[in-house]
Amino acid sequence: QLQASGGGLVQAGGSLRLSCAASGRTFSNCAMGWFRQAPGGEREFVAGISWSGGSSYYADSVKGRFTISRDNAKNTLYLQMNSLKPEDTAVYYCAADQAPYGSISTTWRLYEYWGQGTLVTVSS
């Protein structure tokens, strides 16, 4: 129901824009987020956005470089990633909360719906 895309190989300092398209149901009334998992690492929170798009929250490691946004009319979530670093290399997952009008959570276990992941590789 969530399809992430936009990953790829980019040099350090470059940019990528990830997209997450929803199908089968709408998530326009649910908080959504991006998580990532590096090889051998834990799944970690990257950014989250409220159902309306009016509030967002970022991990300290990406603050000022990444921007999360959503287009509820298109049922699509985005992650604009600028000034990429090699340590940003990971599989990126989009996720949606199950509860309508809930708050943004940084805990991956509280998200009900997940995309399949898209690989971002940043070379030095």
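The values are calculated or read from the model by the stated rules, or taken from the named source; none is laboratory data. Computed from a prediction, not measured in an experiment: that's the story for all the values here. A quick note on method: Cβ atoms are made from the backbone with ideal geometry, for glycine too, and the neighbour counts reach across all protein chains shown. Side chains are part of the model used for accessible areas, which takes the heavy atoms of the whole protein and leaves out ligands, DNA and RNA. Shrake-Rupley method; radii C 1.70, N 1.55, O 1.52, S 1.80 Å.
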- Note on the structure: With criteria (1) assigned to a loop (DSSP other than H, G, I, E, B); (2) open to solvent by 30 Å² or more (accessible area, probe 1.4 Å); (3) among the small types (Gly, Ala, Ser); (4) at pLDDT 95 or above, Ser28 comes up short on (4)
- Query: Within segment 82-91, is even one residue in a strand (DSSP E or B) and under 14 Å from the mean Cα position of the chain (by Cα)?
  - Reply: yes
- Within segment 57-81, restricting attention to residues that are part of a strand (DSSP E or B) and of a type in the set (A, V, I, L, M), which residue is farthest from the chain's Cα centre (by Cα)? Met81
- Filter segment 76-103 down to the residues that are out of contact with any Leu (no Cβ under 8 Å at 6 or more places or on another chain) and at pLDDT below 95, then identify the one that is least open to solvent (accessible area, probe 1.4 Å). Gly102
- Task: Please work out which one of (1) in contact (Cβ under 8 Å) with a residue 24 or more places away in the chain; (2) in a loop (DSSP other than H, G, I, E, B) is the condition Asp97 fails and give its number.
- Result: (2)
- Message: Take the residues in segment 2-24 that are outside any strand (DSSP E or B) and at negative phi; name whichever of them is surrounded by the most Cβ atoms within 10 Å (Cβ to Cβ).
- Response: Gly7
- Task: Could you check, for segment 59-70, whether at least one of its residues is within 15 Å of Gln1 (Cα to Cα) and of a type outside the set (Phe, Trp, Tyr)?
- Result: no
- Query: With Asp88, Asp97, Asp71 as the choices, which residue is in contact with a helix residue (DSSP H, G or I) (Cβ under 8 Å, 6 or more places away or on another chain) and either farther than 26 Å from Ala12 by Cα or not β-branched (Val, Ile, Thr) (or both)?
  - Reply: Asp97
- Counting just the residues of segment 40-50 that are without any contact (Cβ under 8 Å) to a residue 40 or more places away in the chain and part of a loop (DSSP other than H, G, I, E, B), which one comes out least open to solvent (accessible area, probe 1.4 Å)? Gly40
- Item | Matching residues, segment 105-124, being among the β-branched types (Val, Ile, Thr) and within 23 Å of Gly24 (Cβ to Cβ) | Thr118
